[in-house]
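Take a look at the structure set out below.
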Amino acid sequence: MKFVSIQIGINCGIFVYELLCYVGLVHLSEWYLLGSETELSRALTLAKEAHAIAVSALPINDLRIIQYVHRLSDCHCKIGNVDQAIELLKQNIAICRSHPSAQKKLCLFLEKLGRVYLKERMLEEACQVVEECLTQRQSLLPPHHPTVTDTMWLLGDTYMIAGKTVQASMFLKQCLELLKDLSACHVRGTMYAVYCGVVLLFVAIFQCAHGVVLIYI
C-alpha cells in the first residue's frame, strides 16, 4: 500500500511539472507572437517551477528531464541570461552523453550551444562545439542528409566569423561538393550551393588581401 501511495505521488508530481511546462510553453509561444515581455517573464517563472519539480521527482540522469531543462534554457536565452542558458545546455549535453539512445538529442543541444556561443562571440568555444556536432551527425546520418550539410555550412560560417579562413574554406568546399548532388533536384540544394560558392569567393579574396598585407609588411 505504501509503495502504491509513493508511486501515485510520483505520477502526480510528473503530471504537475508537465502541466507547468505546457502552460509555460503557451506563454513562450505568445511572447514569440506578440513580443510581450510579460509573457516571457511568466514563461521563465513557470519553466523554473517545472524544472525544479522535474529534478526533485526524477533521477538526475533521466532523459525526461532534458525537455524541461531545454525549455528553461530557451527562456533564459530569450530574456538575456546567457550564462544560465549555457549552463543548462551543458547539463543536457552531459545527460545525453550518458544515454547511447540520445545521440540525436545530443547533436541538437551541441548545435544550440554552438549558436549561443557564436551569438555571444565566444568563437573558440563555438568552433569546438559545432565541429563536435558535425562529427556526431556524420556518424548518425548519410553524407548528403540536409542536417549534415546544414551543420557543415554552420561550421564553415563559424570558422569564417572566427577568422579561420583555411578551416572555413575546407568545410564550405566539402559542403559545396555534397550540395552539387542535391542542386539538380532540390531548390534548397541549389540555394545552398550558390551561397557556399559566394562565401568561398569572399574567403579567397580575404586570403589574397591578407597575403598582400603580409608581403607589404
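The values are calculated or read from the model by the stated rules, or taken from the named source; none is laboratory data. Being a predicted model, the structure only gives us computed values, none of them experimental. Because the Cβ atoms are built from the backbone with ideal geometry, glycine has one as well, and the counts that use them run over all protein chains shown. Heavy atoms of the whole protein, side chains included, go into the accessibility calculation; ligands, DNA and RNA do not. Shrake-Rupley method; radii C 1.70, N 1.55, O 1.52, S 1.80 Å.
For GLU120, the amide hydrogen comes within under 5 Å of no other amide hydrogen, counting only partners 5 or more places away or on other chains and with H modelled in the peptide plane. LYS104 contributes an accessible area of around 150 Å² to the protein surface, as traced by a 1.4 Å probe with all chains present. Couplings 3J(HN,Hα) for segment 146-154, derived from phi with the Karplus relation 6.51 cos²θ - 1.76 cosθ + 1.60 (θ = phi - 60°), are x, 5, 5, 5, 4, 5, 5, 5, 4 Hz, where x marks Gly and Pro.
For the set THR158, THR38, solvent exposure ranked by accessible area (probe 1.4 Å, protein chains only) runs largest to smallest as THR38, THR158. The heavy atoms of ARG42 present about 110 square angstrom of accessible area, all protein chains included, probe 1.4 Å. Counted by Cβ distance under 11 Å from VAL129, the other residues give a net charge of -2, where Lys and Arg count +1 and Asp and Glu count -1. Modelled spin labels at HIS99 and VAL55, positioned 7 Å past Cα toward Cβ, are 1.8 nm from each other.
Within the assembled protein chains, the solvent-accessible surface assigned to GLU39 is about 20 Å², based on a 1.4 Å probe. Computed in the context of the full set of protein chains, the accessible area of segment 47-176 at 1.4 Å probe radius has 55% of its extent on carbon or sulfur. So if R0 is 30 Å, what FRET efficiency would LEU140 and ALA162 give, r being the distance between their Cβ atoms, rounded to the nearest 0.05? Computed FRET efficiency for LEU140 and ALA162 comes out at 0.70. Descending by average beta-carbon neighbour count within 10 Å, the peptides 87-96, 48-57, 105-114 line up as 105-114, 87-96, 48-57, the highest first.
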